[in-house]
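Some notes on the structure that comes next.
The values are calculated or read from the model by the stated rules, or taken from the named source; none is laboratory data. Note that the structure is predicted; figures quoted are calculated from it, not measured. Neighbour counts are summed over all protein chains in view; Cβ atoms, including those assigned to glycine, are modelled from backbone coordinates with ideal geometry.
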Amino acid sequence: MLKRFFSYYRPYKSLFILDFACAVIAAVLELAFPVAVNNVIDSILPSGKWNLVILSSLGLLLLYIINTAMQYIVTYFGHKLGVNIETDMRQELFTHMQKQSFSYYDNHKTGKLMTRLTTDLFEISEVAHHGPEDIFITIITLLGAFLLMLQVHTQLAIATVCLIPLIMFAVSYFNRKMTQVNTRIFEDLGEFNAGIEASVSGIRVVQAFANEEHEAERFKFLNQSYRKSKLLFYRMMGFSSSYNYLIIRLINLFALFFGSYYTIRGELSYGDFVGFILLSNIFVRPIEKVNNMIEMYPKGIAGFRRFSEEMDRPPTIKDKAGAVDVHNLKGDIEYKNVSFWYDESEKVLDNISLSIEAGETVAFVGPSGAGKTTLCNLLPRFYEIKGGSITVDGYNIQDVTMSSLRNEIGVVQQDVYLFPGTIRENIKYGKLDATEEEVKHAATLANLDHVIASMPEGLDTIIGERGVKLSGGQKQRLSIARMFLKNPPILILDEATSALDTETEQVIQESLDSLAEGRTTLIIAHRLATIKHATRIVVVDENGISEQGTHEELMKVGGTYRRLYEAQFLE
């Protein structure tokens, strides 16, 4: 894990060297002060030469000015190093998450994923900055102070540092315990954030059912779980802090007690005694950092472990070696003996075969759960088939890059997702480099232009979170405008009008018909009256594809499609 962690320093070698070197220089210069005091008391004061005192003081002042500059460099550039590494890790994790398939997001809560991207990495920058630096400086400060103390008085130095093994034991024990506690805190925080995200996102449902009290109780449970985890952490922190405080004060007490003893016996001069006390204070200073290290490092270590765990979870769907880019596809699609399941105990699709010619409009109908949406989601590789193959224009979709394949396919869903921002920004999501004229033309084709004209800010109108300021029909038209801008040769319409009222549905249907013109179009339909114009209607049930043909042909057959159609008509 250490090797993996230190690999993130590679792009910032010069910054690390600058920070590390300055930190070492600052630590070494700190050791000069006790030596100088010793020299002033034992050598310069007895001589009575005031000019030497002035020169010594000026020399120390120069050292302090240099050390001040070192401290600034360590504080700013060291934290810059840490923030850079944290930023790189977060970017890498976000990129990795974007490569995951739909099944990954089906099984993970949004709030928990947000925690992985945010809170888990908050302490990484501190560990990246202080980790190597603090450990190395602690060692050289302890070693340097101890060697200087040995030069003053060997027995006194040994008596003073005999408690160090107890400090090392504490560091090892509490670091391990608090890493475990922090891992639990991050997990509880993930559940906490997931609960908040669900409650806030579903606030309209909460208020509609007057379930505020229920949500408050649920939040209270999550809040208390997080509180208990944090209290456990601070309990361990209290033990660690108190233990180290006692050991550090005992070191100071030993220095004072034994130093006084050897001074009274005449084995130490007053200058040596004062210098030794100052050295003992420098000696314990890095030990005092141990409390900060024990609080900070376990958080960073736990966060990095969770980061590594996420990064080590490979995407279930990825480009194979040698995958090729495809462009300007015609839209000939063929499913060959395709099988798929979410859970191995139950197949959703079993040995399905279907051919769709370029320019065809094929509608999929059938009972809920039969696999209509799944069949279409397999085409852009949102999910990976378990058996068989799917080809587009003769290309096996597993042999082409996912980005180029998905650029050739447009999806309009019933549940439209719009990003916070303006109408213009959401339309341009279909083509990020689109010109103003292209955006306006797409809006016109989607029958959205008169809606935009009625808004005071026009295309710059802020639509709110998930487009809450727009009606269902307006949101759907915006998603269609986005698709006109993308202009893909293959189109998937996933019950795009089933949630709309009849009048709005007719307007949207006109836009969809215009959008589908000249494209290979796959329609997942609930309202059968909207697909009578389809080139072919495919009936999907629990046994697979049971019927296919035009509306008129299927009505004559008198099978599943006719029963579905008559049931809706009679309603």
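A compact table of results
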| quantity | calculated |
| --- | --- |
| Matching option when the condition is crowded, with 17+ Cβ neighbours inside 10 Å, in a helix (DSSP H, G or I) and modelled with pLDDT under 80, among PHE283, PHE258, PHE304 | PHE283 |
| Matching residues, segment 531-571, being touching a strand residue (DSSP E or B) at 6+ places or on another chain (Cβ under 8 Å), farther than 21 Å from GLY359 by Cβ and among the hydroxyl-bearing types (Ser, Thr, Tyr) | SER546, THR560, TYR561 |
| Among residues of segment 103-134, those that are in a helix (DSSP H, G or I), exposed (fewer than 14 other Cβ atoms within 10 Å of the Cβ) and not charged (D, E, K, R), counted | 2 |
| THR95 surrounded by 12 or more Cβ atoms within 10 Å (Cβ to Cβ), assigned to a helix (DSSP H, G or I) and free of Cβ contacts under 8 Å to residues at least 24 places away in the same chain | no |
| Helices (runs of 4 or more DSSP H) fully within segment 150-213 counting 2 or more residues that are modelled with pLDDT under 75 and under 24 Å from SER280 (Cα atoms) | 164-201 |
| Answer from THR444, THR391, THR422 - the residue that is farther than 24 Å from LEU329 by Cα and either in contact with a strand residue (DSSP E or B) (Cβ under 8 Å, 6 or more places away or on another chain) or touching a residue at least 12 places away in the same chain (Cβ under 8 Å) (or both) | THR422 |
| Sole residue being loosely packed, with under 12 Cβ neighbours inside 10 Å and assigned by TED's automatic domain parsing to the domain that holds ILE139, chosen from ARG265, ARG184 | ARG265 |
| Matching entry among SER225, SER240 (being within 24 Å of ARG306 (Cβ to Cβ), touching a Phe, Trp or Tyr at 6+ places or on another chain (Cβ under 9 Å), modelled with pLDDT of 80 or more and in the same structural domain as HIS153 (by TED's automatic domain parsing)) | SER225 |
| Residues being surrounded by fewer than 18 Cβ atoms within 10 Å (Cβ to Cβ) and closer than 14 Å to ASP272 by Cβ - total across segment 246-255 | 0 |
| LYS220 in the same structural domain as ILE287 (by TED's automatic domain parsing), at pLDDT 80 or above, in a helix (DSSP H, G or I) and over 30 Å from ASP272 (Cα atoms) | yes |
| Which numbered condition LEU354 fails, given (1) in a strand (DSSP E or B); (2) under 34 Å from the mean Cα position of the chain (by Cα) | (2) |
| Residues of segment 55-92 satisfying the condition of being in contact (Cβ under 8 Å) with a residue 12 or more places away in the chain and among the hydroxyl-bearing types (Ser, Thr, Tyr) | SER56 |
| Search result, residues across segment 16-48 that are touching a residue at least 60 places away in the same chain (Cβ under 8 Å) and either polar (S, T, N, Q) or not assigned by TED's automatic domain parsing to the domain that holds PHE146 (or both) | ASN38, ASN39, SER43 |
| Qualifying positions in segment 385-430 - at pLDDT below 85 and among the charged types (D, E, K, R) | ASP415 |
| Residue in segment 1-19 that is at pLDDT below 85, out of contact with any Lys or Arg (no Cβ under 7 Å at 6 or more places or on another chain) and either part of a helix (DSSP H, G or I) or surrounded by 13 or more Cβ atoms within 10 Å (Cβ to Cβ) (or both) present | yes |
| Subset of segment 1-22 [over 26 Å from MET311 (Cα atoms) and of a type in the set (D, E, K, R)] | ASP19 |
| Which numbered condition ASP272 misses (of (1) more than 26 Å from TYR105 (Cα to Cα); (2) assigned to a helix (DSSP H, G or I); (3) without any contact (Cβ under 8 Å) to a residue 12 or more places away in the chain; (4) not β-branched (Val, Ile, Thr)) | (3) |
| Residue list for segment 447-481, restricted to those being closer than 18 Å to GLN413 by Cβ, hydrophobic (A, V, I, L, M, F, W, C) and under 35 Å from the mean Cα position of the chain (by Cα) | ILE463, VAL468, LEU470, LEU478, ILE480, ALA481 |
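To keep it simple, each residue is scored yes or no on (1) within 18 Å of the chain's Cα centre (by Cα); (2) outside the structural domain of ARG249 (by TED's automatic domain parsing); (3) among the small types (Gly, Ala, Ser).
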site	(1), (2), (3)
LEU81	no, no, no
THR119	yes, no, no
ALA145	no, no, yes
VAL161	no, no, no
ALA170	no, no, yes
